[in-house]
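Read through the structure below, which is laid out as structure tokens, and then see the notes.
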Amino acid sequence: AFWRLPGVYSTAVGFCGGLEEAVNPSYLYVCTGESGHCEAVQVVWDPAKISFTDLLRLFWACHDPTQGDMQGRDIGSQYRSAVFCNDAVQAAAAHASRAAFASVLRVGGYSDITTEIRVGCPFYYADLHHQQYLAKPRSRQYCSAEPTGLALPAWTEWPWPPHDTAEDPSCAVVAQAKQMFAPLLPEEFWGVYDFSINAPDEPAGVSVEELSTAERHLSARRACWEASVAKAEKDDSVLVQHCASCGYSRRAVELAAFLKTACGMHARVGVIADAMAGTGRFEIKVKNAGDEGLQLVHSKKAGHGFVDSAEKLARILDVIAQANPSCSLPRQLDALTTMARNFSGLRDKAAIARRKLGPHCGGPLLDGETEESPPMIPPKPSAPILLMSKTRRKSKRG
């Protein structure tokens with residue numbers, strides 16, 4: 001997400017925010033949760049070309065900062081949301097941005113932000129094979145981030161604290177942050193910037209010609225998307241529309257597969273990703289009997305969340321059954337729970353509970369799990385969250 005931004009010299013993945021005695025931890029050690037580190041990305045940028053507040057804007061846009069010790073399918077304290085700053089001036093800006101975004105999230109029905117903001121934590125590089133992983137040939141194009149689709153308020157609207165209540169003893173720290181970190185990237189840039197894992201590796205530009213080219217490409221992609229949506233709304237009985245971010249895509253594909261199994265030949269189920277990442281959309285639409293249109297029955301943006309419980313599945317299946325009388329669908333919650341054992345939404349919740357409470361917390365066991373099974377350790381790192389670093393020294397792009 002960060003390495004394509006104009007003015008960014010390089011990015012590197014590693015670990016930050018752990019115990020003082022846990023020096024230079026390995027990936028496997030971090031995955032145990034015992035070192036206290038989280039996976040992070042170090043960003044080195046030119047402050048004359050891109051501002052710290054520009055980086056914060058992308059940080060809040062590219063993940064869900066309310067999920068605590070997890071992000072999407074990746075569970076553990078190493079996947080928590082965090083901003084590690086160089087100094088108190090950066091921290092003042094980070095705190096102001098967090099307060100601004102928190103108010104937006106509350107209106108959108110989200111819980112409190114869990115992002116930690118700290119100063120002066122050492123950064124330890126991850127192994128070489130983790131660096132620039134997504135750009136390597138034959139790499140697994142994976143990211144579990146689940147953006148909210150909500151926008152950070154303009155920098156001028158952030159609730160900056162009075163100078164005499166800033167965390168830094170100096171009353172000038174907030175004033176200094178406001179003076180140093182005015183945004184530098186134009187608003188037109190954010191309208192076309194693709195921060196998904198499917199984006200090209202080349203740096204994005206901000207010239208008039210570059211922005212015009214990006215807008216043409218986006219318009220073409222949106223036209224194809226609109227045509228696909230129109231066809232799906234005509235042909236499909238059930239449609240799952242979702243944000244193009246990777247965490248959403250996997251949930252949508254697995255939900256569609258579950259619905260196809262549950263409905264059999266009686267309902268045609270389609271899946272369509274949005275033209276852009278970061279929209280926060282996760283919707284299920286069902287076509288009524290004899291009706292050309294689709295009825296919206298589940299929407300994450302409307303406060304329904306993901307389809308992550310048997311009750312939500314039952315409600316969706318009930319609407320499908322009413323629209324398709326020939327459909328023979330399970331109505332009993334026990335039968336539905338058994339049927340959904342391998343559905344990712346329910347697996348996620350069972351795994352979270354089992355990590356916190358142990359294997360006897362109740363709920364269906366996951367495939368290959370026994371009552372004595374140890375907590376699961378994620379096999380691979382997700383896209384790191386963020387560590388902020390700044391330099392005026394020229395260096396090569398990472």
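The values are calculated or read from the model by the stated rules, or taken from the named source; none is laboratory data. What you are looking at is a predicted structure, and each value in this text was computed from that prediction instead of being measured. Virtual Cβ from ideal backbone geometry, glycine too; neighbours counted across all protein chains shown. Accessible surface areas use protein heavy atoms only, side chains included; no ligands, DNA or RNA. Shrake-Rupley method; radii C 1.70, N 1.55, O 1.52, S 1.80 Å.
Calculate the FRET efficiency for residue 202 and residue 227 from the Cβ-Cβ distance with a Förster distance of 35 Å, rounded to the nearest 0.05.
Computed FRET efficiency for residue 202 and residue 227 comes out at 0.80.
Report the full-extension gain for the segment residue 216 to residue 318: residue separation times 0.36 nm, less the Cα-Cα distance, to one decimal in nm.
Stretched out fully, the residue 216 to residue 318 stretch lengthens by 32.5 nm.
Quick one: with all protein chains in place, what share of the accessible area of segment 1-104 is carbon or sulfur, to the nearest percent (1.4 Å probe)?
Roughly 53 percent, rounded to a whole number.
Sorted by packing (mean other beta-carbon atoms within 10 Å per residue), highest first, where do 178-185, 267-274, 74-81 land?
The peptides rank, most packed first, as 74-81, 267-274, 178-185.
What's the extension gain from residue 175 to residue 188 if we count 0.36 nm per residue and subtract their Cα-Cα distance?
1.9 nm
Quick check for you: with a 1.4 Å probe and neighbouring chains kept, what is the accessible area per residue of segment 1-156, in Å²?
38 Å²
Take residue 20 and residue 133, extend 7 Å from each Cα along the Cα→Cβ direction, and tell me the distance between the two endpoints in nm.
3.1 nm
Starting from the Cα of residue 288, step 7 Å toward the Cβ, then list every residue of segment 206-237 with an amide N under 19 Å from that point.
233-237
At what distance in nm do the modelled label points of residue 234 and residue 112 sit from each other, each positioned 7 Å from its Cα along Cα→Cβ?
Using points 7 Å along Cα→Cβ, the separation is 5.1 nm.
Which net charge results for the neighbourhood of residue 115, defined as the other residues with beta-carbon distances under 9 angstrom from its beta-carbon, given Lys and Arg at +1 and Asp and Glu at -1?
Once positives and negatives cancel, what remains is +1.
Please give the per residue accessible area of segment 221-327, computed with a probe of 1.4 Å over protein heavy atoms only, in Å².
The answer is 43 Å² per residue.
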